Amino acid sequence: MIPKETVDKIFDAADIYDVVKDYVNLKRAGVNYKGNCPFHDEKTPSFVVSPAKGIYKCFGCGAAGNSVKFVMEHEKVSFPEALKILAKKYHIEVVEEELTEEKIQEKQTIDSLFIVTEFAKNFFKKTLNETDEGKNIALSYFKERGFRDDIIKKFELGWSPQKRDALTENAVKAGYKLQFLTETGLTIAKENDYQFDRFAERVIFPIHTLSGKVIAFGGRTLKADKKTAKYLNSPESEIYHKSKILYGIYFAKNAIVKHDKCFMVEGYTDVISMYQSGIENVVASSGTSLTVEQIKLVRRFTKNLSIIYDGDAAGIKASLRGINLALAEEMNVRIIALPEGEDPDTFAKKRSSEEIEKYIADNEEDFIRFKVDLFAEEAKNDPIKRAQLIKDIVKSISVIPDRILRGEYIRSTSKQLNVSEEALYSEVTKILRKNFEDRRKKNYGETVKQKPAKPQLPIETAGIYSEIIEKEILNFLLTYGSEIIEIEDAEEKISVAEFIISEIKNDDLEFHNLIYKEIFQDYENYFSDNAESVQDYFLKHENEKISKIAAEILGPKQELSKIWQIHGAVNTGVEKHLDELIPELIDTFKLKIVQLKIEEIKKQLAQLQRSDTYDDQLNRLLEELKVFDSLKVQLTQILEKTALL
C-alpha cells in the first residue's frame, strides 16, 4: 500500500495539463485547453482540460476526472499503478514492500504480465551491456549499424542469450511464474515439460506504450540462415495488441505535437536511425498493415501523416492499400519515396537532419496525386488497366469525409488522367450510395417495412428531472458551498452549504439518485470542519464514481444550467445571484419530490380500485393526495415567476 503522504505528494505534483499533454494534442481555449478525446472516436474536439481546477472533462462521452483518473482510464491500470506511473514521471519515490512470491500470485493477471515483461526488458539490457556474449555479438552489431550509446540506452535495446532457456531459467529462479512467461510469449512451453525462450540468440527491440511501459518485444536474428525467420515478435496478449500500438510512439509523441506531423516507416531500425539523425517525430507499423486503431493513435497528436517508403516501386504499390483507412479518418496523407535501393535506415545514416528535411520537402507528395503518378505510366496504353486505375483512385477519393476536399481531388484527378469531372463525380456518388446502403443494412437488417408503433410516453419523467435538480444542488454545494447568502426573512446571513443542508434535513427530503445521495451525506459530514478543502476531497475521493461526478460538476461547462440563466448569471456571474438562485433551486427540488409522491399515490389508488378494496387505506391515500396536491399548487405559484418549470 502506498502511504497517504506519498499519494498527496503525487497528486500535488501531477499537473493535469502536464499529464494529459503526453497523450493528447491540446490547444489553448481561453483559460482551458481543448483536444480530441482519447476515450472515444471524435473529429471535433470536445475534450477539455482545466489546469485551474486540475480536472478534465469530455462533453462527448462524459469521461471526467483528475490526473490519476486519467492515467487509470488511459493505461487501463489500477489506482496504485496509476500513482506509480505518475510518481515515476515526477521523480517521486514510492516506498513499498518488495513483491514476494505470494504477492505476485495474488496480483491480477494483467499486472503480472507487466511485471514479467519488465523483468525481461531488464534482463535483455543487462545481457547486452554486462556479458561478454552480449558485448561481442549484439553490441558490436548495434555499433556496426551506427547506433550511438545514448540511442541504444534510450530505446532500451537488448540481447537474448544463445542459451535456449536463459531468460526462462533466470525468471523462474527470481520467483516469476511460468504461466505469465508463456502468456506474454517470452517462453514457449512444450508438452514434455520442455521450455525455451522465444527470442533466444536475437537482438531485442522493446515495444513501449504511450506512457513508456514495455508491453512486448521484437527480436532480430543475426544468423544468415534463410530458414530462420529474420524477425520474431511477441504474440498477442492481455497487454499487447499489435494493431493498436506503433513502435516508437512513446519517444515520438512530443516531437509529433511540436512539428504537427508524424512520419511513418516500416521497421524498428528505420525508426532508430531516423530518430538518431534528428527526425524524432517518427513511428513504425512494425511490418503490419496500417490499422484504424494505429491511425487514431497518431490522430491524437496530429492530422498530418507522411509515410516514407523504400525506393522500390513494386513494394510501394503493394503497401498502398491500407492508406484509404487514413483518408477515411480525415488524415492528411503524404508519401515520400526514397531513392532506389534505399530504405529509411540506410538513407538516414548517410545524411544529416538538414539533408533529410530538404529531401522530404522536395519529394513529399499528396497521396492521391502520388498514386495517380505511380500507376498512370503502366496504364497509359491499356484501356482495362486505365479503367481499373480510375476506379481505384475514385475509391480512395470516396472515403474522404470532407466534401470540399473530395471535390478538389476530383478536379485535380480529372486533369491528371484526362477524365471528365462528371464521370468521376458519378463514380464517387455510386460508391457513396453503396456504402450508405451497406451501413443501413448492417444497422437495421433486411427487415420488412412496418407501420411504426405508437411512441410511448417517457416513464418517471419527474424522477428523471429530479435527478437533474439533485445534480444541480451538488453543483452549488461543491462550487459555492462557502459563499454567504442573505435569505429573505432570515435573522442572519448563512452559507450556501448551511442553507441547503438545513432545508433538506428539516423537511426530510430524500435524493432520488443513490450516488448523489451518498455524495450529499458525505458532504454534510465533511464540510463543517473542512470547508476549504472540500473540492479537493471529492476530486480525490476513493470512490471512483464520486470523483468522476465531482470532476463533471467542477469541470468546464459546455452549457450554463437553465437556473443560472434565469437571473442573467450568464453575463454578470453566478455569485451575484446566489440569494435568489439557491432558495428557488431548493423549492424546485421540493416540487419534484412532491410530484413523485403524487405519482406514487395515484399508482397505489389505481391498484386498490382494481381490487375493489374501499377501506381506510383508500381514505388515507386520498387525504395524502389532497395534501400533496395543495403543496404542489403552493410551490408552483412560488416558482411561476422564475420560469423554472
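Considering region 226-240, the residues that are touching a residue at least 40 places away in the same chain (Cβ under 8 Å) and not hydroxyl-bearing (Ser, Thr, Tyr) include one that is farthest from Ile152 (Cα to Cα), namely Glu238. Only residues that are buried (at least 21 other Cβ atoms within 10 Å of the Cβ), of a type in the set (A, V, I, L, M) and out of contact with any Ser or Thr (no Cβ under 7 Å at 6 or more places or on another chain): list them for region 194-238, please. Once the filter is applied, which keeps residues that are buried (at least 21 other Cβ atoms within 10 Å of the Cβ), of a type in the set (A, V, I, L, M) and out of contact with any Ser or Thr (no Cβ under 7 Å at 6 or more places or on another chain), region 194-238 yields Val203, Ile207.
Of the residues examined, Val627 is one that is modelled with pLDDT of 80 or more and at negative phi.
A quick yes/no check of all residues on (1) of a type in the set (Asp, Glu); (2) outside any helix (DSSP H, G or I); (3) within 23 Å of the chain's Cα centre (by Cα); (4) buried (at least 18 other Cβ atoms within 10 Å of the Cβ):
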position: Thr288; (1), (2), (3), (4): no, yes, yes, no
position: Leu305; (1), (2), (3), (4): no, yes, yes, yes
position: Leu325; (1), (2), (3), (4): no, no, yes, yes
position: Ala337; (1), (2), (3), (4): no, yes, no, yes
position: Lys385; (1), (2), (3), (4): no, no, no, no
position: Lys391; (1), (2), (3), (4): no, no, no, no
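When region 152-171 is filtered for residues that are under 37 Å from the mean Cα position of the chain (by Cα), assigned to a helix (DSSP H, G or I) and buried (at least 16 other Cβ atoms within 10 Å of the Cβ), the ones remaining, listed by number, are Ile152, Leu167, Thr168, Asn170, Ala171.
Going residue by residue through region 47-62, is there one that turns out to be surrounded by fewer than 17 Cβ atoms within 10 Å (Cβ to Cβ), over 16 Å from the mean Cα position of the chain (by Cα) and not in a helix (DSSP H, G or I)? Scanning region 47-62 turns up at least one residue that is surrounded by fewer than 17 Cβ atoms within 10 Å (Cβ to Cβ), over 16 Å from the mean Cα position of the chain (by Cα) and not in a helix (DSSP H, G or I). Scanning region 503-538 for residues that are assigned to a loop (DSSP other than H, G, I, E, B) and of a type in the set (D, E, K, R) yields Asp507, Asp508, Glu510, Asp529. Any residue in region 178-192 that is touching a residue at least 12 places away in the same chain (Cβ under 8 Å), of a type in the set (A, V, I, L, M), surrounded by 23 or more Cβ atoms within 10 Å (Cβ to Cβ) and not assigned by the TED database to the domain that holds Glu73? Within region 178-192, one or more residues are touching a residue at least 12 places away in the same chain (Cβ under 8 Å), of a type in the set (A, V, I, L, M), surrounded by 23 or more Cβ atoms within 10 Å (Cβ to Cβ) and not assigned by the TED database to the domain that holds Glu73.
Against the condition modelled with pLDDT of 90 or more, in the same structural domain as Lys385 (by the TED database) and buried (at least 16 other Cβ atoms within 10 Å of the Cβ), how does Ile400 come out, does it pass? The answer is no for Ile400. Contact map, region 137-157: first residue outside the structural domain of Val203 (by the TED database), second residue of a type in the set (A, V, I, L, M) and modelled with pLDDT under 95, Cβ cut-off under 6 Å, separation 6 or more or different chains; the map is empty. The single residue among Glu488, Glu492, Glu483 that is acidic (Asp, Glu), over 22 Å from Lys592 (Cα atoms), surrounded by 11 or more Cβ atoms within 10 Å (Cβ to Cβ) and modelled with pLDDT of 60 or more turns out to be Glu483.
The lone criterion from (1) farther than 26 Å from Lys76 by Cβ; (2) modelled with pLDDT of 90 or more; (3) out of contact with any helix residue (DSSP H, G or I) (no Cβ under 6 Å at 6 or more places or on another chain); (4) of a type outside the set (A, V, I, L, M) left unmet by Tyr268 is number (1).
Residues that are touching a residue at least 40 places away in the same chain (Cβ under 8 Å) and in contact with a helix residue (DSSP H, G or I) (Cβ under 8 Å, 6 or more places away or on another chain) within region 348-372 comprise Ala348, Lys349, Arg351, Ile356, Phe367, Ile368, Arg369, Lys371, Val372, listed in sequence order. For region 221-241, indicate whether the set of residues that are within 21 Å of the chain's Cα centre (by Cα) and within 27 Å of Lys27 (Cβ to Cβ) is non-empty. Within region 221-241 (the criterion being within 21 Å of the chain's Cα centre (by Cα) and within 27 Å of Lys27 (Cβ to Cβ)), the answer is no, since none of the residues qualifies. Just one residue in the set Glu518, Glu542 is at negative phi and modelled with pLDDT under 85; that residue is Glu542.
Filtered by the rule that a residue be over 15 Å from Ile515 (Cα atoms) and at pLDDT 85 or above, region 464-476 gives a lone residue, Phe476.
Checked against (1) farther than 17 Å from Gln162 by Cβ; (2) touching a residue at least 60 places away in the same chain (Cβ under 8 Å), Ile204 meets all criteria but (1). Against the criterion of being surrounded by fewer than 23 Cβ atoms within 10 Å (Cβ to Cβ), outside any loop (DSSP other than H, G, I, E, B) and among the basic types (Lys, Arg), Lys43 does not qualify. Would you confirm whether or not region 254-266 contains a residue that is crowded, with 22+ Cβ neighbours inside 10 Å and either under 18 Å from the mean Cα position of the chain (by Cα) or assigned by the TED database to the domain that holds Phe147 (or both)? The answer is yes, given that some residue of region 254-266 is crowded, with 22+ Cβ neighbours inside 10 Å and either under 18 Å from the mean Cα position of the chain (by Cα) or assigned by the TED database to the domain that holds Phe147 (or both).
None of Glu81, Glu96, Glu102, Glu73 is charged (D, E, K, R), modelled with pLDDT under 75 and in a helix (DSSP H, G or I) except Glu102.
The values are calculated or read from the model by the stated rules, or taken from the named source; none is laboratory data. Here the structure is a predicted model, which means the values were calculated and not measured. Reconstructed Cβ throughout: ideal geometry from the backbone, glycine too, with neighbour counts over all protein chains shown.
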